[in-house]
1. Within 10 Å of each residue's Cβ, count the other Cβ atoms and sort 70, 96 from fewest upward.
2. Which FRET efficiency, nearest 0.05, do residue 84 and residue 162 yield, Cβ-Cβ r, R0 35 Å?
3. Say R0 is 22 Å: what FRET efficiency, to the nearest 0.05, do residue 106 and residue 192 get from their beta-carbon distance?
4. If each of residue 152 and residue 29 carries a label point 7 Å out from its Cα toward its Cβ, how far apart are those two points in nm?
5. Which net charge results when you count Lys and Arg as +1 and Asp and Glu as -1 among the other residues whose beta-carbon is under 11 Å from that of residue 161?
Amino acid sequence: MATRSAAFFDLDRTVIAKASIVAFSGPFYREGLLSRRLVVHALWRQALFARFGAHQTAVDRLRVLVQRLTEGWEQERVRNVVANTLAQVAGPITYTEALDLIAEHKGAGRRVYIVSASPFEIVEPLARYLGAEEAIATRAAVRAGRYTGQLLRYTFGPEKAAAMREAAERDDLDLAESWAYSDSATDLPMLEAVGNPVAVNPDRALRRIARMRGWPILEFSQLAVMTPSGRHPLRSLRSGLIGAIGAVVLAALALSVAFVVRRRPASAL
């Protein structure tokens with residue numbers, strides 16, 4: 001009989017304030033892995049997700065795009081880019097409230113998991129950085145050290161819940177006594193898999209569902225810079241205001257960069 005409980009945290013816009021794969025688009029671009037066009041596309045997607053939520057069709061399109069663009073990338077090179085820029089990228093976009101909750105669950109003896117549809121090579125070091133015991137994330141196929149463009153497992157929607165149940169069986173966890181946190185209605189299977197589902201900065205669909213079912217709704221808004229010497233408050237604003245301002249800024253940035261790219265010859269890209 002399972003005797004331990006756990007806490008499962010979605011990553012993007014639940015623990016950190018933006019999509020993790022978008023957050024690392026800058027380092028990937030500087031390393032020559034991404035073109036300017038793809039960075040613009042990623043920024044635009046992030047603006048749409050922040051404003052309207054991650055709908056199934058949009059997420060599926062992003063998955064196909066990621067599969068296509070990562071084909072041929074060296075796995076070790078990706079790991080090195082993430083490792084070398086982890087604190088710089090993740091520190092300023094991590095919610096203080098999420099860190100406090102992670103610490104609270106660990107203090108109560110619960111095992112903490114970060115569950116994300118983002119690539120394992122990004123999520124696993126982020127999970128360690130955030131103090132979680134384990135990462136559950138998308139696994140890409142690799143041949144001769146390079147990504148093939150195919151996925152071994154895409155931990156999105158029902159697959160998140162399936163992976164959680166596998167972890168529960170392996171680690172002797174009682175999901176009925178466990179917690180799950182997410183911002184998106186696409187994570188409904190993840191939230192339904194535990195006895196204590198919590199909506200964090202929920203999109204419109206999840207907010208409606210949480211209210212109907214009487215689930216707690218948390219609003220995370222305070223960001224902190226995480227350094228070896230500890231956490232330092234960065235700013236505290238209502239998350240809705242952050243999302244609205246962020247969407248406008250990202251959209252403006254995307255349009256301005258797109259204008260520059262359009263004026264450059266194709267060979268320059």
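1. Ascending Cβ contact count within 10 Å gives the list 96, 70.
2. On the way: r = 33 Å, r/R0 = 0.94.
For residue 84 and residue 162, the calculated efficiency is 0.60.
3. Values: r = 24 Å, r/R0 = 1.09.
Once the sixth-power term is evaluated, E becomes 0.35.
4. 3.1
5. On the way: positive: 160, 165; negative: 159, 166, 187, 192.
With Lys, Arg at +1 and Asp, Glu at -1, the neighbours total -2.
Values quoted throughout were computed directly from the atomic coordinates according to the rules given, and no laboratory measurement underlies them. Quantities reported herein were computed from a predicted structural model and do not represent experimental measurements. Every residue, glycine among them, receives a Cβ derived from its backbone with ideal geometry; neighbour counts consider all protein chains shown.
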